[in-house]
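*Asks:* The following block contains the structure, expressed as structure tokens.
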Amino acid sequence: MKLPPFGYEAPKTTSEAVELLAEYLDQASVLAGGKSLVPLLALRLARPAVLIDINGIRELSGVSVTDGQAVIGAMTREYAAEESHAVADTVPLLAAALPLIGHEAIRSRGTIGGSLAHADPAAELPAVARALDAEFVVRGQSGERVIPAAEWFEGYLTTSRRPDELLVQVRFPTAQPGTGVSFQEVARRQGDFAIVGLAVSLSLSDGAISDARLAFAGMSDVPVRATEAEDLLAGERPSAELFDEAARRATEGIDPPADLHGSSEYRKKVGAATVRRGLRAAADNAQERQ
Ligand SMILES: Cc1cc2nc3c(=O)[nH]c(=O)nc-3n(C[C@H](O)[C@H](O)[C@H](O)COP(=O)(O)OP(=O)(O)OC[C@H]3O[C@@H](n4cnc5c(N)ncnc54)[C@H](O)[C@@H]3O)c2cc1C
């Protein structure tokens, strides 16, 4: 399908990109991997006057680990993060989710920042970011702001980034010893967007759960934390009965959307099953990592 006409800018530095964003504001779209933006252009669901292509900005790519955080540049390709030992060692939940995004060809172009700026509620990375309380660093002409994940996702494909700001990096807390993870998802075919996805991180200390984090994808217009289930789990010892009750609490207050792929009721049932499976898998993983 032919794309609509647009102007094109290719800054070489973050400062140049920020200047361009300040000039064009909501007339511009940032082009990262293009895996979500180009289909939106083709379908005329986005009609920016100008594309600001940030693929030439080297300083926006890479992974570094410092002060208990893994700092991932916005232009780091999903596939590069998947192959990164630093990510596998320090943010195992992210490492578990990355291979579930589309297919290798998609991940070789798609970027960490692009997925999180796009904020598709069915996508894997927003659920991971929400579960781990990641931080989003955006830069505008007046400087940088750090936005917690709880404030980043505002609605369907909508974030709290202002039109004059560029997402420059995402910071994930590094996993503590004794933390097990699991990313569960149910999709029609391998590589499809999840009908329901669940990011789970469970930390064990002396056999009891010291920290539980669960975030759903596909259950609302934003990724959703299952806080009632998290509260129930804290301080308890893992058991099938506990995980059944957590599954009930995680889904009882949620009213998921219905679409071609499943009714609201179906999503709730699948959501409960992913909680049971995800908690079992994360508990096993935590025991292995102790
Ligand atoms: C066939 C197919 C299957 C897919 N399956 C999945 C899947 O299973 N799970 C999944 O999560 N995703 C899936 N995707 C989407 C893929 O992961 C995309 O790579 C990702 O959603 C967007 O990343 P991108 O780098 O391509 O961003 P782009 O498409 O370039 O940009 C997406 C949006 O984010 C904005 N943006 C990008 N970078 C920045 C930045 N640094 N600062 C501010 N705004 C920015 C853009 O302006 C645009 O609005 C699929 C895509 C395709 C084509």
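The values are calculated or read from the model by the stated rules, or taken from the named source; none is laboratory data. Bear in mind that the values here come from a model prediction, so they are computed numbers and not experimental data. Ligands, DNA and RNA are stripped out before the accessible areas are found, and what is left, the full protein with its side chains, is counted by its heavy atoms. Shrake-Rupley method; radii C 1.70, N 1.55, O 1.52, S 1.80 Å.
*Asks:* Check every DSSP H run in the chain and write down those whose alpha carbon atoms cover 24 angstrom or more along the long axis and whose mean Kyte-Doolittle hydropathy is -1.0 or greater.
*Replies:* Answer set is 264-288.
*Asks:* Return the carbon/sulfur percentage of the accessible area of the chain, one whole number, probe 1.4 Å, all protein chains in place.
*Replies:* C and S fraction of accessible area: 47 percent.
*Asks:* For K12, what accessible area in Å² do you get when you roll a 1.4 Å probe over the heavy atoms of the protein chains, rounding to the nearest 10?
*Replies:* 130
*Asks:* Could you give the length gained on full extension between E104 and H85, defined as 0.36 nm per residue of separation minus the Cα-Cα distance, in nm?
*Replies:* Net length gain for the segment: 5.1 nm.
*Asks:* Is the shape of the stretch 151-192 rounded, prolate or oblate, going by the alpha carbon gyration tensor and its root eigenvalues a ≥ b ≥ c, with a/c under 1.5 for rounded and a/b larger than b/c for prolate?
*Replies:* Oblate shape, in that a/c is at least 1.5 and b/c is the bigger or equal ratio.
*Asks:* Cα centroids of the stretch 29-76 and the stretch 190-263: how far apart, whole angstrom?
*Replies:* First find each Cα centre; the distance between them is then 29 Å.
*Asks:* For K2, give me every one of the lysines with a C-alpha distance below 20 angstrom, ignoring sequence neighbours fewer than eight places off in its own chain.
*Replies:* Within reach: K35.
*Asks:* Per residue, what volume in Å³ does the convex hull of the Cα atoms of the chain enclose?
*Replies:* 124
*Asks:* How high is the relative contact order of the chain, in percent, with contacts defined as C-alpha pairs under 8 Å that are six or more residues apart?
*Replies:* 16
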